[in-house]
Amino acid sequence: MKKDEGRETMAKANPAVPATDPMMSFGELIRDRRKRLKLTLNEVALRSDLSVSFISLAERGKATPSIVSLLRLAQALDVDISYFLAPPQTNNILHRAADPEYYPIDSPVTYIRLSAGHVNQKMDSFIYIIPPGPIFPRVHRDGESFYYMLEGELHFEVGDDSFDLGPGDSLHFDTRHSYAMRNCGEKPVKVLWVGTPVLFPSATPASDPE
């Protein structure tokens, strides 16, 4: 999906989207909505459970919100996640390697969706391709996360523990513990993520496969 087409879809889905400028970045969208609500950075931080410094960096385009932190910011700013992106509503139970389903998000991180999106879905799964450098905030939420390293090396922090992961390594933890990750190397990292609860529940019932 092209960037301008994605923003047009968001604007139709949620009137809070500033449709006059479909090329607004995440940071501009966050700042615009915050100012419309007359909220301070500290108030948004308290509502989202994210740090003031991270939100400030995100507004200036110097930090990259993850999907989880975008969900927290959407709740704090009283908008749907479609304010930032338009989640695909597909019920495909099969994903071919030759035709990956890229998630339409304006981020240096590439998200490839593996889960189906059916109405009774209990978990989500993605492949993350993380380039060197993006800053992710510490986050926590109810649920579980499983990460399996496919390529590269990734620095991970869970609670007070830290880990350097390489190909074949995995982590499985309760996401009520705060966690953060960063690619500190010079090459992209590819990691499989499987987790609960579902990040983007299906809005419509799925038909049974024939």
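The values are calculated or read from the model by the stated rules, or taken from the named source; none is laboratory data. Every value quoted in this text rests on a predicted model; they were computed, and no experiment measured them. Glycine gets a Cβ as well: all are built from the backbone with ideal geometry, and neighbour counts include every protein chain shown. Just so you know, the surface numbers come from the protein's heavy atoms only, side chains and all, with ligands and any DNA or RNA stripped out. Shrake-Rupley method; radii C 1.70, N 1.55, O 1.52, S 1.80 Å.
Odds and ends about this structure:
- Within segment 73-101, being open to solvent by less than 50 Å² (accessible area, probe 1.4 Å), at pLDDT 90 or above and in a helix (DSSP H, G or I) holds for LEU73, ALA74, ALA76.
- Test for ALA203: is it within 19 Å of TYR103 (Cβ to Cβ), among the small types (Gly, Ala, Ser) and modelled with pLDDT under 95: yes
- Selection within segment 53-69 - aliphatic (A, V, I, L, M) and over 16 Å from SER178 (Cα atoms): ILE55, LEU57, ALA58, ALA63
- Residue check, PRO104 touching a strand residue (DSSP E or B) at 6+ places or on another chain (Cβ under 8 Å), surrounded by 17 or more Cβ atoms within 10 Å (Cβ to Cβ) and within 20 Å of LEU70 (Cα to Cα): no
- Looking across segment 40-61, the residues that are more than 21 Å from HIS140 (Cβ to Cβ), in contact (Cβ under 8 Å) with a residue 24 or more places away in the chain and assigned to a loop (DSSP other than H, G, I, E, B) come down to ARG60, GLY61.
- Subset of segment 121-141 [open to solvent by 50 Å² or more (accessible area, probe 1.4 Å), out of contact with any Asp or Glu (no Cβ under 9 Å at 6 or more places or on another chain) and either within 16 Å of SER69 (Cα to Cα) or without any contact (Cβ under 8 Å) to a residue 40 or more places away in the chain (or both)]: ILE135
- Scanning segment 158-175 for residues that are among the acidic types (Asp, Glu), more than 22 Å from SER51 (Cα to Cα) and either open to solvent by 70 Å² or more (accessible area, probe 1.4 Å) or assigned to a strand (DSSP E or B) (or both) returns a single hit, ASP164.
- Search result, residues across segment 123-157 that are hydrophobic (A, V, I, L, M, F, W, C) and assigned to a loop (DSSP other than H, G, I, E, B): MET123, ILE135, PHE136
- Check on ASN42, at pLDDT 90 or above and either under 15 Å from ILE105 (Cβ atoms) or open to solvent by 20 Å² or more (accessible area, probe 1.4 Å) (or both): yes
- Near pairs, Cβ below 6 angstrom, 6+ apart or cross-chain, from segment 66-92 (under 18 Å from ARG36 (Cβ atoms)) to any residue that is modelled with pLDDT of 90 or more and open to solvent by 20 Å² or more (accessible area, probe 1.4 Å): ALA76/ARG47; LEU77/ARG33
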